[in-house]
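Read through the structure below, which is laid out as structure tokens, and then see the notes.
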Amino acid sequence: MHSRRHGLHCVLPPIILENIARKGDDEQREWATRALSRDSSIRLARVQNALAGVAAAPQRADALVGVASPRPARVISDAQGTENVRGPIVRREGEPPTGDEATDEAYDGLGDTFDFWLEAYGRNSIDDAGMPLRGVVHFGEQYPNAFWDGQRMVFGDGDGQVLGMMTGSLDVIGHELGHGVTEAEAGLEYFGQSGAMNESLSDVWGSLVKQRKLGRDAASADWLIGSEVWTPNIDGDALRSLKAPGTAYDDPLVGKDPQPAHMDAYVETIRDNGGVHINSGIPNHAFYLAATAIGGNAWEMTGRIWYEALRDPALRPDSGFAAFARLAVVAAERLQGQRSREAAAVRDAWENVGVPTEQPSLQSLTAH
Amino acid sequence: MSASRRSSHRCNPSLRIELTRSGGYAGLATKLGELDTAELTENEARDIEELVQSAGVPALAEASPMQGKGADRFQYDLTIEGPEGRHELAMSEDKIPDELRPLIDRLKGGRPGSDA
């Protein structure tokens, strides 16, 4: 299959390769970009600029040779069924697909997530300074989980009974990389309410990466997280739903989705780092309400407001829902005006999940 | 209840231990194992009691939750109930104290739980 493609590119004019690189599906794009990269001309800079969303007139783009726009630096390593996150590197940036599903899904998903951050918010990788994207696949033995270890995104193959391969859902990859972004910004502590806020932000970014990739606006998105990870044994649409927390699954083996959508049902527990994957339903639903009220592509205005709130220096590691909600309102007012319908939508969204957004006082933001 | 049953053929009251895994990306709570020393042979019960004794459970409960780095790691929740009360231990999968590993491995991989 690859040899046929490689042969083909020799007879395709570069302009067609460029078009494939810009408009093709993932695989085509990958292949065309690779084919073009053998041709070290200004064409590559132009395509890369276009892919990175750099708005420049064609002649300007030609002049940008050598001024590389940010590109991901992906490194995928294989834990080979152990818990060693420093296993052999199986695919580096720019290398062709390996044929191993998890490796190639992780590579592609991290690329899509990198593109999301760069093109939607101008953010260059996890730390906004081009941090390499390290992915680890085949972690552990039938390990039914994916996590961010502080430096890398780690994916298990699933147990095959309840959960399948973790790299199969783009929003899982977007979720894990999102934890890196949150850690680099507010550093929300992963426990209790600040932890649930941290979790919610990762669900929001994961969902937005997928929505942008699929070209879905707020009204047509499914707002589900991990819709591909249950095995057929489990009766469930997904792991979580931002649209309707608590309804993603209901199954004799794994029970019912425990997420609340309102502060009235906030769950106090020592499990799950104080219920971070449970109470995240509350801010998740607030994002959904804001995004559908504001309308359009959720990653544009509503996502931008959430991103501004996350980057606000007033958001502290121990901040909870209310602090974030106030900063989201502040961000919406700053971006769109105090009396804007966007600011009103953000206020209403938080009020509707039982989180107050009244005028912040300095003390309420800092005192803990 | 089981304590009195236990004391009818051994001098120590029983320990009831339960291990649950929570958290992780999917946020599922899964019971991994449980046991009641009253339902084990005398040797097995003694082994478990020694594991619990040497692990220093009250201090570990005090140190809970033992949190790991990053996000979405599994958390192990160990509940130990005995004559000295009930202890709840919570630890990230990358923060399991060495002294608890034998007990956790026994509960995870070992024999069926006490309601088998």
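Quick look at the numbers
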read-out: When residues of the stretch A:134-165 are limited to those that are of a type in the set (G, A, S) and assigned to a loop (DSSP other than H, G, I, E, B), the one nearest to A:H179 (Cα to Cα); value: A:G150
read-out: Checking B:E62 against (1) touching a Leu at 6+ places or on another chain (Cβ under 9 Å); (2) of a type in the set (D, E); (3) within 14 Å of another protein chain (Cβ to nearest Cβ), the condition it does not meet; value: (1)
read-out: Criterion violated by B:R86 - all others in (1) within 11 Å of chain A (Cβ to nearest Cβ); (2) under 20 Å from A:T269 (Cβ atoms); (3) among the charged types (D, E, K, R) satisfied; value: (1)
read-out: Filter result (in a strand (DSSP E or B) and out of contact with any strand residue (DSSP E or B) (no Cβ under 9 Å at 6 or more places or on another chain)) within the stretch B:58-98; value: B:G85
read-out: Elements of type helices (runs of 4 or more DSSP H) in the stretch A:253-368, at least 3 residues being surrounded by fewer than 21 Cβ atoms within 10 Å (Cβ to Cβ) and free of Cβ contacts under 8 Å to residues at least 40 places away in the same chain; value: A:321-336, A:341-352
read-out: Residue among A:A196, A:A184, A:A221 that alone is of a type outside the set (F, W, Y), at pLDDT 95 or above and farther than 28 Å from A:A314 by Cβ; value: A:A221
read-out: Evaluation of A:E176 against (1) in contact (Cβ under 8 Å) with a residue 40 or more places away in the chain; (2) within 10 Å of chain B (Cβ to nearest Cβ); (3) among the charged types (D, E, K, R) (one fails), failing number; value: (1)
read-out: Yes/no for A:L163 being facing another protein chain (nearest Cβ under 10 Å) and either under 14 Å from A:E93 (Cβ atoms) or in contact (Cβ under 8 Å) with a residue 60 or more places away in the chain (or both); value: yes
read-out: Exclusive hit being more than 9 Å from chain A (Cβ to nearest Cβ), among the small types (G, A, S) and in contact (Cβ under 8 Å) with a residue 40 or more places away in the chain, set B:G23, B:G33; value: B:G33
read-out: Matching residues in the stretch A:211-269 - criterion: being within 25 Å of A:N352 (Cα to Cα), more than 13 Å from chain B (Cβ to nearest Cβ) and of a type in the set (K, R); value: A:R216, A:K243
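The values are calculated or read from the model by the stated rules, or taken from the named source; none is laboratory data. Quick caveat, the model's predicted, so the values are computed rather than measured. Don't worry about glycine lacking a Cβ; one is built from the backbone with ideal geometry, like all the others, and counts go over all protein chains shown.
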